[in-house]
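Below is one structure, written out as structure tokens; the observations come after it.
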Amino acid sequence: MVGVSNVVINGKGRRYRSGWKGRRVTAYEVESRFKKACLDAASDIARFGSRRTGKVRLLEGDARQRVHDLEPIDCALFSPPYPNSFDYTDIYNLELWMLGYLSAKHDNTVLRGSTIHSHVQVHRTGRKPQASSAILDDAYEALSARREALWNRNIPDMIVSYCADMEELLEGLASRVIPGGGVAIVVGGSSYAGLTIDIPEILVDLGKNLGLQLRAQQSLRAMRLSAQQGGQHKLAEDLLVFEVAR
């Protein structure tokens with residue numbers, strides 16, 4: 001859909017293509033792309049359809065809320081959005097509308113307002129974690145001192161609200177994972193105005209207050225900074241493995 005549309009995904013959201021008003025896409029091109037996508041899907045089904053599978057129970061909705069609908073579980077493995085100001089409801093807005101997930105402007109507003117505080121494109125009331133983290137406090141103080149240098153003044157409050165969202169989710173998981181069970185998270189840090197925000201270490205701090213004991217922490221890769229900050233691979237993406245206190 002993006003390939004035949006008038007928009008491109010660029011940076012942290014969508015923008016119109018250059019010369020989009022004069023661009024013409026034929027029905028044949030739309031049909032050809034659709035046909036190829038279907039053939040690719042059919043190929044995957046044929047290739048992997050015989051793989052052994054287990055039973056799956058799928059819960060749709062906000063993980064911060066639906067976690068409380070779980071029976072006791074052995075472990076949780078997930079990777080949340082990172083606080084890098086990617087608004088996924090904007091990046092995938094075309095697909096959301098075209099596939100019928102959104103049907104009115106109000107639907108779009110509600111969805112964007114219900115996402116994790118990982119971006120500042122939508123103004124929302126901030127929140128703070130219940131537990132304290134010296135690393136988070138220092139990061140907030142340093143970012144606040146540089147508000148004038150930030151491309152959005154709400155970034156410090158977004159970081160704090162993001163950590164509150166993660167704390168809420170971890171608290172729910174700590175109550176559903178059996179004692180001795182595990183919670184594994186793949187999460188990355190962020191960087192604004194030259195300041196690196198060590199989100200993995202902040203989550204370690206918050207997890208301790210919830211009875212989550214860090215058992216392993218492994219660096220998975222170095223992510224790229226934004227072009228405005230040099231574009232080097234300096235942001236850490238870590239795997240955190242917690243054990244629920246027995």
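Multiply the residue gap between residue 150 and residue 74 by 0.36 nm, knock off their C-alpha separation, and tell me the result in nm, one decimal place.
23.2 nm
So how much accessible area does residue 92 have, in Å² to the nearest 10, using a 1.4 Å probe?
Looks like 120 Å² after rounding.
Ignoring ligands, DNA and RNA, what percent of the accessible area of the chain is carbon or sulfur (1.4 Å)?
On the way: 8000 of 15190 Å².
Summing carbon and sulfur atoms, their accessible area is 53 percent of the total for the chain.
Suppose all protein chains stay in the model; what accessible area per residue would a 1.4 Å probe give for the chain, in Å²? Write down the numbers at each step before the final one.
Numbers: 15190 Å² over 246 residues.
Using a 1.4 Å probe on heavy atoms only, each residue of the chain averages 62 Å².
Which of the lysines could a cross-linker span from residue 12 if the Cα-Cα distance has to be under 27 Å and same-chain partners fewer than 8 positions apart are dropped?
Straight-distance partners of residue 12: 21, 105, 128, 234.
Calculated FRET efficiency, residue 138 and residue 28, Cβ-Cβ r, R0 51 Å, to nearest 0.05?
Taking R0 as 51 Å, the efficiency between residue 138 and residue 28 is 0.30.
Between residue 55 and residue 110, what FRET efficiency comes out of the Förster formula 1/(1 + (r/R0)^6) with R0 = 25 Å and r the beta carbon distance, rounded to 0.05?
After rounding, the FRET efficiency stands at 0.20.
The values are calculated or read from the model by the stated rules, or taken from the named source; none is laboratory data. Note that the structure is a prediction, hence the values are computed from the model and not measured. Methodologically, a virtual Cβ is constructed for each residue, glycine included, from the backbone with ideal geometry; neighbour enumeration extends over all protein chains shown. Each accessible area value is taken on the protein alone, full model and side chains, heavy atoms only, with ligands, DNA and RNA left out. Shrake-Rupley method; radii C 1.70, N 1.55, O 1.52, S 1.80 Å.
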